[in-house]
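Below is the structure I would like to discuss, written out as C-alpha cells.
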Amino acid sequence: MKRKKIVLLTVTCSLAVFLARAQATPTKRYDETTKTCRTLTMENDLRGYQVFREFCKECHSRKNEQAKFLYSESKMPNAWNRVFFKKYPECAKNGAWDQLTLEDQLKLNDYLFRTGAGSYDPNNANDCG
C-alpha cells in the first residue's frame, strides 16, 4: 500500500511539473519572414524537433568542429527568430537550408523559439512579439 502511494505521488508531481511547464511556455510567436503570428502547437514542436535532430544535429554536434555545437537552449527565443529571419549562419548562406521546405523551417523555428533559453516565463507566456 505504501509503495502505491509513493508511485501515485511521483506520477502526480511529474504531471504537475509538466502542466506548469506547458502553461508557462509561450503559445505564440511573431514570424518576421511571413509577417504572421504563429500559434505554437505540440504537433509543430514534434516536427520541429524531428527536423532539428535529422537536419541540424548532423552538423551542429559536438563531434563536428567545423560547425558550432547547438541545442535548443543555445539561444534565447528572440535570437532564434533572428537566426531564421536574417539567415546569417553559414549553413543558411551556403544553401543548406534550401533542402528544407518553408513549412519545415517555420516548424523548426517554432520548436527552437518555444524551447529556447529562458522560454519558461509565466509572465509573458502569451506574448506574440
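The values are calculated or read from the model by the stated rules, or taken from the named source; none is laboratory data. Remember, it's a predicted structure, so these values are computed and weren't measured experimentally. Positions of Cβ are backbone-derived with ideal geometry, glycine not excepted, and every protein chain shown enters the neighbour counts.
Which numbered condition trips up Thr39, out of (1) under 22 Å from Gly95 (Cα atoms); (2) among the β-branched types (Val, Ile, Thr); (3) exposed (fewer than 12 other Cβ atoms within 10 Å of the Cβ)?
So Thr39 meets the others, but not (1).
In a helix (DSSP H, G or I), closer than 19 Å to Tyr111 by Cβ and either modelled with pLDDT of 90 or more or among the polar types (S, T, N, Q) (or both), is that true of Glu73?
Against the criterion (in a helix (DSSP H, G or I), closer than 19 Å to Tyr111 by Cβ and either modelled with pLDDT of 90 or more or among the polar types (S, T, N, Q) (or both)), Glu73 does not qualify.
Residue under question is Cys59, and the condition is that it be in a loop (DSSP other than H, G, I, E, B) and within 21 Å of Ala117 (Cβ to Cβ); does it hold?
yes
Any residue in the stretch 70-87 that is hydroxyl-bearing (Ser, Thr, Tyr) and in contact (Cβ under 8 Å) with a residue 12 or more places away in the chain?
yes
A follow-up question, please. Which of the residues belonging to the stretch 42-81 are closer than 21 Å to Thr101 by Cα, loosely packed, with under 14 Cβ neighbours inside 10 Å and of a type outside the set (A, V, I, L, M)?
Glu43, Arg53, Glu54, Glu58
Continuing with the same structure: Collect the residues in the stretch 97-118 that are among the acidic types (Asp, Glu) and crowded, with 18+ Cβ neighbours inside 10 Å, keeping them in residue-number order.
Passing the criteria: only Asp110.
Something else about it: If a residue must be without any contact (Cβ under 8 Å) to a residue 24 or more places away in the chain and either closer than 15 Å to Gln105 by Cβ or more than 11 Å from the chain's Cα centre (by Cα) (or both), how many such residues does the stretch 42-59 contain?
6
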